[in-house]
Amino acid sequence: MVRELLERGERVVSLDLGGDPYRIAMVTPAGQPATLEQVAGDITDLDTVQRTLEQHAITNVIHLAALQVPFCRDDPPLGAHVNVVGTVNVFEAVARRLDRMGPVVYASSIAAYDAVDLGEAPAMSAVPGTIYGVYKRANEGTATVYQAERGVASVGLRPHTVYGVGRDQGLTSAPTQAMLAAAAGLPFRIPYGGRSQFQYAPDVARAFVQAAFSGHDGASVLNLAGQVLTMQQVIDAIESAVPDSAGQVTFDDATLPFPEAVDSAELAQTIGPVDELSFTDGVADAVDRFRRLLADGRLAAA
């Protein structure tokens, strides 16, 4: 997303608790671009969020700060503090300076849907299958209430399985880790199978940026588009990009507690069409990027 904004000529300020900007370094040109400023700060501190918006005259917020599924499972109170309170802080900070702000764009998740058994249709009438999903659904409600009571416009986007350079954490990062392992000539076992909706990171970034500049004035939550594939099809694409990896990438016979796929028709209706690379081309591009990062020492495979 940072790269997408910089390529559009935008001035970008990133707020992140982590002190190592290695993901940004992997996807942007060498050296920190003059139009990118990185601020160390904690999303759970409202004063920090407000100060960042003020000091840098921010007009558009794309909110991605969160702990992923495994971290929320291991420490639910911390997960709630970051994922739920942090999101409330973003909306509150924007609400207090609404006269200059575009819509808040934030990451929800496929995990916000009800837990499903194989073959069940996606629904929002019961309970998500993970505590992470519970937090994400809470954030969708926060966005709705802030629009109704404070006039804060927002677009929440629900990714399913995002893959590509930089996707190194979370339950659904395993296919990307398999691509990296194949690029490095290493074996890898993906801990689940089934079917999932796959979305290439640059395409997802484009959707978030389009939403930020859409001028949307409601509180919409939209499913991202993507290609529905079995895990064997994923492995076939990896082997096509790296023929020497044949037989080296395997998967477990387990399914995720999320819907396999969801309808995304409302996405284009709200923010316009989003270009999408085919999965085969996306995997080939990701593997090529991984090879270059491995070769120049900016990335290491376990």
For a quick check of your reading of the filter: which chymotrypsin sites (Phe, Trp or Tyr not before Pro) in segment 79-120 sit in a DSSP loop and have no more than 12 other Cβ atoms within 10 Å? none
With θ taken as phi - 60° and the coefficients 6.51, -1.76 and 1.60, list the Karplus ³J(HN,Hα) couplings across segment 78-94 in order, rounded to whole Hz; mark glycine and proline as x. 5, x, 5, 4, 6, 6, 9, 5, x, 5, 4, 4, 4, 5, 5, 4, 5
Quick one: which residues, 5 or more positions from Val61 or on another chain, have an amide H under 5 Å from its amide H? H modelled 1.01 Å from N in the peptide plane, none for Pro or chain starts. Gly102, Val105
Cα pair distances in segment 1-134, grouped into 5 Å bins until the bin that holds the longest one, percent each: 2, 9, 17, 19, 18, 15, 11, 7, 3, 1
Got a sec? Charge dipole of the chain, +1 on Cβ for Lys and Arg, -1 for Asp and Glu; which of Val39, Ala184, His81 is way out at the positive end? Val39
With all distinct Cα pairs included, what does the Kirkwood hydrodynamic radius of the chain come out to in Å, to one decimal, could you say? 19.9
For segment 73-115 and segment 252-299, what is the separation of their Cα centres, given in Å? 23
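No lab work stands behind these numbers, since they all come straight from the coordinates. None of these values were measured; they are calculated from a predicted model. With ideal geometry, Cβ positions are generated from the backbone for all residues, glycine too; neighbour counts draw on all protein chains shown.
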